[in-house]
Structure formats: C-alpha cells, structure tokens
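Quick notes on the structure that follows.
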Amino acid sequence: MFDLIVILIPLFPLLAVLANGLNVMLGHRYSDEIAHRLGWGSVLLSFLCALWVFGQTLGHPEPRTVIAYRWFFGGDLTVNLGFLVDPLTCVMMLVVTGVGFLIHVYSVGYMHGEEGFTRFFAYMNLFMVSMLLLVMGNNYAVLFIGWEGVGLCSYLLIGYYYDRVSAAKAATKAFVVNRIGDAGFLIAIFLVFARFGTLDYTEVFAKADTLDSTTAFAIAVCLLIGAVGKSAQLPLYTWLPDAMEGPTPVSALIHAATMVTAGVYMVVRNHAIYDIAPNALVLVGVIGGATALFAATIGLVQTDIKRVLAYSTVSQLGFMFLACGVGAYAAAIFHLVTHAFFKALLFLAAGSVIHALSGEQDIRKMGGLWNKVPATHWVFLIGTAAIAGFPFLSGWWSKDEILGHAFTHRRYVLWALGAAAAFCTAFYMSRLLYVTFYGQSRVDHEVAHHIHEPSWWMRGPLLILAALSALGGLIGVIPGGLEHGAFHQFLGPVFSTAVAGASGHKEVHLLPFILMAVTTAIGLAGWFTAHYFYYVKPEQPNLLMNRMKGVYTLLWNKYWVDELYDRIAVEPSKAVGRSFDKVDTVGIDRVVVAVEQVTDLSAAGSTWFEKYVIYGLINVMGYVNHIGARILRQLQTGLVHHYAAILVTGLVILVNLIVLILWWGGAS
Amino acid sequence: MVPIGAYVAVSAILFVTGLVGVLVRRNFIIVLMCVEIMLNGANLNLVAFAHHLDSLAGQIMSLFVIAIAAGEAAVGLAIIIVVFRGKIATNVDQINLLKW
C-alpha cells in the first residue's frame, strides 16, 4: 500500500503527459477543456497521495526506501528506480505538488486562448514528473534524471513562444549555462561511484565519514558547481533573469518556487558529505551571501516587473545557500518553503497585473492600479510584506532564522552581507509595490480601457497563496517557539548527524530577540526608504539617479556581467568556430583546388594518350562492354529500396552458406 | 527469470519490423526510424546476452551502438533536409541520384 502510493505520486502527472502529448501529436482529438483538467487533476491526485505519505511519515521519521524496479544492472553495478521517503522528501513533495497544483489551476485562466494550450500543460506536467523524481529519488542516478528533466522542461517552457527570437535565445542560454553546472554534478556522481561503488544515498551517507578530507572536498565542490548552475548563484546566475521570457506561471513554478531550489535541496540532501568538508561549506556560505547582496543590488533599479522578481529570486536563493553554509540546513529548507509560497504569489500576482494590462511588463507604464485591480493589489501587498520581512509574516520568520544562525555561528561577514541584502530586498520590493500600484497612473490609454480583475481560476490560487504567505511561517514557531516549531521537529531526524552548532546558542536567550529586532528594523528601514522616495517625494529618485550616475549605470547594466561572459566565453567560442571555417575555406579548400588542377592537367594528358593510342585498341572491347553494361545497368535503379533489398538477399544467402559449411564441417 | 529465447525472439521481431519498414516504406523519416528500430533490435540482443552471460561487454557495446545511432540520425536528418530543400522530395522513391 505505502509503496504503491509513493510510486503513484510521480505516475499521475506522467500519465497526463502521455495523454496530452499524444493529443498534441495526433492533432488535438479532444478539447482544451479536457487537457487542462488532466493537467491540474493529475497534480491534485499527486498532492493528495503526497499528503497521505506525509501522514504516514509523521510518526515514523526513519527513511524508507521504495523500489519501483531494477533500472540497470550488470557486474557489481545495480541502480534501482527507487524512492527515498523521509521528512525532507515529504516537505519537498508537498511543496512541489501543492504549489504546483495552485499554479496549474492559475495557468488555466492565464493561458486561456493561447496557442499550444495543451502543449503547455504537457510540458508543465512533465516538469512535475521530473521535479518529483528529483526530490524523491533514492540514488544519484534518479536525482540526475530528475535534474536533467527539469532542465529540459525549463528549456521547453522558456522557449514556449518559440517564434520569438528573444525567447529562443533565453531558452538556449538557460540550457547551456545549466550544462556547465551539470558537468560538475556529473563529475561528483562519478567520484561518489568511484569511491563507494554505489549510488544509493543511504549506503553512501552511512559510509561518508570514511572519506578523506580531500575527496570529500572534491565531491562537495563538484556538487556545489551543479547546485550553483541549477539554483542560479554566482557566477552562473545570468540565465535566470532571461528565463522570464517564458509565460508567467512558468516563472512562478519553475524559476521561483521549485526548480531553482533543487540546488538547495541537493546540498541539504548531501549534508553528510558537506559536514566532513567544512571548507566546501564555507564556500557555499560565501557564494550564497555574495549572491544575495549582488542580485539584490541589481534588483534596485530594474524596471521590468518580472525581472525585479527574478533578481529577487536569485537573492533569496542566496539566503538559502547562506543558511546551508553555516550548517543551518533546517533553516534553509524552511526558507525554501516560505519562499515558494510568497515568490509564487508575487509572480502570479505580477502575472495578473500583466494580464490586466494586456501584456505590459514595464513598471514605468503602470502606477495607480490599486483601486483598479484591488484583489491583485492586496495579494501583492501581502507577498511584498512577506518577502520584505514584515513582522509575523512567513518571510520574517525564515529570514530571521537564517541571519540568526549566521550571527550565532560567528560568521559576521555573512551576517552583514545578508543584512545588507535584506535591506535591499525590502527597498526594491516596496519600490515595485509603490511604482506599480500607487501614485499617478502612467498606463497607455488604449490599455487602460481593458484593465480588469482576473477570472476566478486565477484569483483562487492567489488567495490561497496569500494566506500561506501570511501564515505559513507559523509552522516554524508553533508549538515549540523559535526554531522548535512543528516544521523543525519534523525535519529534525534528517539532520541528527549534522554539526552540533545548532544547539550552541540555546544558552543565550536574549540574543535571538535582539537579532530579530535588528533585522526587523532593517526591513522596516528598507520599506521606509522606498516610501520616502516613491510616495512622499516621487521626484527624489530621478535627482538621486543624476547625482549617482556611475552607480546607477553600473546597476542598470547589471554590472556588465552578461557582456563580460559574452566577451570571455561566448564570443571566443564563436571565434573558434569562425576560425575553423576559415581554415576550411582558405586552407583545406585551396589544397583541394590545387589537387584538382594537377588532376585536370594530368587528365588532359591522359585523354590525349587514350584518345589516340588506347581508344583505337580497345574500342572493340569497349563496345562489347557497352552492350553488357546496358543489360546490367537495369539493376542500378538508383532507388534505395532496391539496393536494400539486394543487400538483404545477399545477407540471407551468405548466412545460409556459412551455416551450411559449418554444418558440413561438423558432420565430416 | 525470462528465458533468453524470449529476448532473442523480441529482438528478432524488432529487427524484422525495422527491416520490412526500410524495404517497403517510402517516407525518408520513417525509413530512418526503421533503421533505428533495427539498431535497437540488435541492442536488445546484445544486452540480453550480456545479462545471460553475466558480462558487461554487451552492455558497453550497446552503448556504442546508441552513440553511433545518434550520429547516424543526425547525418540522416541533415541529408533529408538538404534533399528536401533542393528537390522538394520527401519520399525515397522520388530521388534516384544514386543511379549510374
């Protein structure tokens, strides 16, 4: 029973993929209505199964392995398509299927009437299958299949509007940049296999403490490269902002709530390896902290509503890596969950704004929308408050916990990076809110006529996500208080082997509250600054922009990182290609031409010789051949079929001959 | 435990299916797909015997076959595109460039 339900979780969306995929291939045999019902219905079923499994796991936190079938084997290698069910898996499953379900429902309203509606749902469900394999797998091979699967779906969905050049380019960019990370991930898997002779998590982690520190460091860093690529951290983050070319529900599901958190999940899953490679862990923290601040500063000046949210996602993922880096894995997963709630909410609300404004994404052409789309405004407000760290909302609890851990583990630099990033976050999110929803309306006149609230398909998920964003943080505090809530107690057994630092600060009772007050003050300061700049004195930002031209240009151009990568990686690659082309046309072709000329010359000589000397002699022979050839020529029809048939006939005769000869040889 | 004969039978059926497809179908792409089916029939045979003899050699061999099949598909599709652009032909029997 348990095994069956676990296997059913990824199976439901897979069946929907097959049905919708076949429907697209066979030319739309059924209506869009059925397609979207299959799409969200299958995810709902998965969610219910996940809930049941979660209920079963509540009392039994010990990991359970469910094996669907033996996947490949031979020699001493056996890899199963198996699932590992433990609290961490349960949390990820619930987030993926729960948030995924809401976004699927939202998509029904958002994608209504789009071309390729069924194709969209087939891709989305394929993504759900891959993501579930990723979080549920019990070995690195299944993890890798899911890892590549979500990458593929990300590619397909970013390039959903494949006739738009920018979308096709963004999709390719995402795929190629991810590939760099995947190379590191693959090497890590090879190292694990070379060292342990198995890919199963349980066996690997049980033997992890036998690793020498160099190998552990190597594996940890290679895994980190993979995580950095998938989770858009420095220096491989450039693909995520461009990924906003995809439809908004895709940005919400893949590029905010689930796929990009796969890197965090992987680091947490492999905490047994990271725990014995403290240097790698420091690297994780530094990358996370640096990314959090770096991306947040870029977000300060962007004007595309989705791009601001994209940089915010990169920054929030940085927070999760920072948490992993100080060994606070539970805090990282807690922030992952709350981030999934409020970032999905923000993206969907942004999608609702874009939908209302007939596709406008530039916040400079918005403003004053609060009374035109009140429901969207309220949920966006809740999402903004949650991410900015307004007290008692979900983001406040989880971000505080991360910063608290950074401070109590004496990583003051990381704490400072995180605190600065938190200020920027509060500022740019409040700025987004003010510029979009308050002040003077700057909407185009034709667009302004069509402004409308979205349908209930879209509004329902928004309201549920808003409730989760507001109250979701409480699972981290009720009933045991700070860091001893239901969530942490549930996850606790997974990290029983983790470093004992988490208990170190329990003795100091006052410190967490001081830190909390400080971070709250930082968040409110960010909000207040934005309020001053964009509400009290709306002309102030332009003045500041002119005064700090240099900084503004730097941020506006995103530190020129894209241009830098173009210069040092993309352009050289193209140059290599062009130089090969040049070698081909100039070098090799010239040799060929020379050979040709020599051949021409000698041919002319030969022709003369042949014409007057040999021709006469063999004319007679030639005529005989000519007649023979005319007969045989009939065989050469030029049709591939006939050649293939003759080939097969010859093969059959040959095989028969060999068998006969062997038989005779054996007989005599 | 599935007997080895069953694997051989399935792979033979696959191979013959592909073979017949290559011989009788006219569409370029289907012919190319049939070639893939033949390769996979052979693959199945390799893997089955590898398992039967408990040796990895056959599985490694089948990986090579898969790699070469990928290359073959790329070249084949490229040829089809060139032919399609040049002659607007999509069927094998519409071109006889190999003649004489």
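The values are calculated or read from the model by the stated rules, or taken from the named source; none is laboratory data. Because the structure is predicted, anything quoted here is derived from the model rather than measured. Using ideal geometry, Cβ is built from the backbone for each residue, glycine included, and neighbour counts are taken over all protein chains shown.
Results, tabulated for the structure shown:
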{"read-out": "Test for residue A:530: is it in contact with a Lys or Arg (Cβ under 8 Å, 6 or more places away or on another chain) and at negative phi", "value": "yes"}
{"read-out": "Where residue A:609 falls short, out of the listed (1) among the hydrophobic types (A, V, I, L, M, F, W, C); (2) touching a Leu at 6+ places or on another chain (Cβ under 7 Å); (3) away from chain B (no Cβ under 14 Å)", "value": "(2)"}
{"read-out": "Residue under evaluation residue A:106, criteria (1) within 23 Å of residue A:148 (Cα to Cα); (2) modelled with pLDDT of 90 or more; (3) not hydrophobic (A, V, I, L, M, F, W, C), criterion not met", "value": "(1)"}
{"read-out": "Qualifying residue in the range A:99-108 (condition: of a type in the set (A, V, I, L, M) and free of Cβ contacts under 8 Å to residues at least 60 places away in the same chain)", "value": "no"}
{"read-out": "Residue within the range A:70-89 that is part of a helix (DSSP H, G or I), crowded, with 24+ Cβ neighbours inside 10 Å and touching a strand residue (DSSP E or B) at 6+ places or on another chain (Cβ under 9 Å) present", "value": "yes"}
{"read-out": "Test for residue A:362: is it among the charged types (D, E, K, R), surrounded by fewer than 24 Cβ atoms within 10 Å (Cβ to Cβ) and either closer than 17 Å to residue A:432 by Cβ or touching a Leu at 6+ places or on another chain (Cβ under 7 Å) (or both)", "value": "yes"}
{"read-out": "Residue match in the range A:210-222 (condition: in contact (Cβ under 8 Å) with a residue 24 or more places away in the chain and among the charged types (D, E, K, R))", "value": "no"}
{"read-out": "Residue list for the range A:312-351, restricted to those being of a type in the set (Ser, Thr, Tyr) and either farther than 24 Å from residue A:370 by Cβ or modelled with pLDDT under 90 (or both)", "value": "A:313, A:315, A:329, A:338"}
{"read-out": "Cβ pairs under 8 Å, 6+ apart, first in the range A:612-638 and away from chain B (no Cβ under 14 Å) and under 19 Å from residue B:97 (Cβ atoms), second of a type in the set (D, E, K, R) and surrounded by fewer than 10 Cβ atoms within 10 Å (Cβ to Cβ)", "value": "none"}
{"read-out": "Test: residue in the range A:261-284 that is at positive phi and under 20 Å from the mean Cα position of the chain (by Cα)", "value": "no"}
{"read-out": "Any hit, the range A:217-237, residues being over 30 Å from residue A:160 (Cα atoms), surrounded by fewer than 21 Cβ atoms within 10 Å (Cβ to Cβ), over 26 Å from the mean Cα position of the chain (by Cα) and not small (Gly, Ala, Ser)", "value": "no"}
{"read-out": "Among residues of the range A:353-370, those that are of a type in the set (A, V, I, L, M), farther than 18 Å from residue A:462 by Cα and not in a loop (DSSP other than H, G, I, E, B), counted", "value": "1"}
{"read-out": "The one condition in (1) within 15 Å of residue A:141 (Cα to Cα); (2) modelled with pLDDT under 90; (3) in contact with a helix residue (DSSP H, G or I) (Cβ under 8 Å, 6 or more places away or on another chain) that residue A:194 fails to fulfil", "value": "(3)"}
{"read-out": "Residue, surrounded by the most Cβ atoms within 10 Å (Cβ to Cβ), within the range A:639-668, restricted to residues that are out of contact with any helix residue (DSSP H, G or I) (no Cβ under 9 Å at 6 or more places or on another chain) and within 11 Å of another protein chain (Cβ to nearest Cβ)", "value": "A:642"}
{"read-out": "The one condition in (1) more than 14 Å from every other protein chain (Cβ to nearest Cβ); (2) modelled with pLDDT under 90 that residue A:604 fails to fulfil", "value": "(2)"}
{"read-out": "Looking only at the range A:175-198, and only at residues there that are of a type outside the set (Val, Ile, Thr), over 16 Å from the mean Cα position of the chain (by Cα) and closer than 22 Å to residue A:261 by Cα, the one that is surrounded by the fewest Cβ atoms within 10 Å (Cβ to Cβ)", "value": "A:186"}
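Residues checked against (1) modelled with pLDDT of 85 or more; (2) in a helix (DSSP H, G or I):
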residue	(1), (2)
A:509	no, no
A:514	no, yes
A:521	yes, yes
A:525	yes, yes
A:541	no, yes
A:545	no, yes
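Listed here are the residues, each with its yes/no results for (1) more than 22 Å from residue A:299 (Cα to Cα); (2) out of contact with any Leu (no Cβ under 7 Å at 6 or more places or on another chain); (3) assigned to a helix (DSSP H, G or I).
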{"residue": "A:379", "(1), (2), (3)": "no, no, yes"}
{"residue": "A:384", "(1), (2), (3)": "no, no, yes"}
{"residue": "A:397", "(1), (2), (3)": "yes, yes, yes"}
{"residue": "A:403", "(1), (2), (3)": "no, no, yes"}
{"residue": "A:406", "(1), (2), (3)": "yes, no, yes"}
{"residue": "A:419", "(1), (2), (3)": "no, no, yes"}
{"residue": "A:423", "(1), (2), (3)": "no, yes, yes"}
